[in-house]
Amino acid sequence: MTRPLKIALALPLLAVSIPAFAVSTPEAVLNDANRPVTAIAAELDVTPLQFATCFAGVSPARTEAELNGQRERNNKAILLPCLQAINPDITNARLDMVMDKYRAGPPGN
């Protein structure tokens with residue numbers, strides 16, 4: 001198989017797989033109309049940019065079907081240690097309470 005043919009066959013697979021691994025940028029998080037970053041950051045005693053930087057590595061559910069315990073655990077494994085490095089007083093329970101308070105309804109299917 002020639003190299004151009006291999007590339008042509010791989011491009012559609014790449015286009016489908018990239019969104020599954022994509023993460024946000026802090027700027028995208030700061031400008032997300034569905035996420036009150038300033039309020040969340042204030043309740044966690046971090047700056048909005050600090051919260052946005054930590055949250056940028058999180059992969060929020062895009063559909064209701066993606067809401068599951070494993071995704072939440074994976075996201076928490078990214079978000080909680082990052083926030084605790086900034087503010088060691090943030091506990092798992094506190095993060096859950098704040099995020100639940102500001103969580104939007106389930107994503108559309």
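The values are calculated or read from the model by the stated rules, or taken from the named source; none is laboratory data. Small disclaimer: the values here were computed from a predicted structure and weren't measured. These accessible areas exclude ligands, DNA and RNA; they are computed on the full protein's heavy atoms, side chains included. Shrake-Rupley method; radii C 1.70, N 1.55, O 1.52, S 1.80 Å.
Summary of computed values
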| quantity | calculated |
| --- | --- |
| Accessible area (Å², per residue) of region 45-109, counting only protein heavy atoms and a probe of 1.4 Å | 59 Å² |
| Base-10 log of normalised Debye intensity for region 19-69 (one unit scatterer per alpha-carbon) at q = 0.13, 0.16 Å⁻¹ | -0.32, -0.48 |
| Rg(Cα)/(2.2 N^0.38 Å) for region 65-106, N = residue count | 1.21 |
| HN-Hα J in Hz across region 66-76 - Karplus 6.51, -1.76, 1.60, θ = phi - 60°, x for Gly and Pro | 7, 6, 8, x, 5, 4, 4, 5, 4, 5, 5 |
